[in-house]
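**Q** This structure is in structure tokens; I'll ask about it shortly.
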Amino acid sequence: MKKNIGKIDSFIRILLAITLFLLMDSQSKNIQIIMGVLAGVLLFTAFSGFCLLYRLFGINTRQSN
């Protein structure tokens, strides 16, 4: 897997995941599950540096050295 997520993109994904986790408590059970899965995916992509959707659409936010 070639990394295609930059630092700013990763930071935004982590912030969104934290926000989703914090908002989960006030939702119904089904919505909590969806929000939890989405937050998990955001965290995984942020820390792995790879997003499959970015690859499919040819997007790369990582700066090349």
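The values are calculated or read from the model by the stated rules, or taken from the named source; none is laboratory data. Everything numeric in this text was worked out from a predicted model, so none of it was measured. Counting neighbours? That spans all protein chains shown, and the Cβs are built from the backbone with ideal geometry, glycine included. Side chains are part of the model used for accessible areas, which takes the heavy atoms of the whole protein and leaves out ligands, DNA and RNA. Shrake-Rupley method; radii C 1.70, N 1.55, O 1.52, S 1.80 Å.
**Q** Starting from region 46-65, keep only residues that are within 15 Å of I8 (Cβ to Cβ), then list their pairs with residues that are of a type outside the set (D, E, K, R) and outside any loop (DSSP other than H, G, I, E, B) whose Cβ atoms are within a distance under 6 Å, requiring at least 6 positions of separation or different chains.
**A** A46/S10; A46/I14; C51/T45
**Q** Right, something else. Name the residue, out of I5, I18, I33, that is among the aliphatic types (A, V, I, L, M) and touching a Gly at 6+ places or on another chain (Cβ under 6 Å).
**A** From the options I5, I18, I33, the qualifying one is I5.
**Q** Conditions first: (1) at pLDDT 95 or above; (2) surrounded by fewer than 15 Cβ atoms within 10 Å (Cβ to Cβ); (3) of a type in the set (S, T, N, Q). S26 passes all but one, so which condition is the exception?
**A** (1)
**Q** Tally the residues that are in a helix (DSSP H, G or I), open to solvent by less than 50 Å² (accessible area, probe 1.4 Å) and not hydrophobic (A, V, I, L, M, F, W, C), restricting the search to region 44-60.
**A** Summing the residues that are in a helix (DSSP H, G or I), open to solvent by less than 50 Å² (accessible area, probe 1.4 Å) and not hydrophobic (A, V, I, L, M, F, W, C) in region 44-60 gives 3.
**Q** Which numbered condition trips up I8, out of (1) surrounded by 12 or more Cβ atoms within 10 Å (Cβ to Cβ); (2) assigned to a helix (DSSP H, G or I)?
**A** Single failed check for I8: (1).
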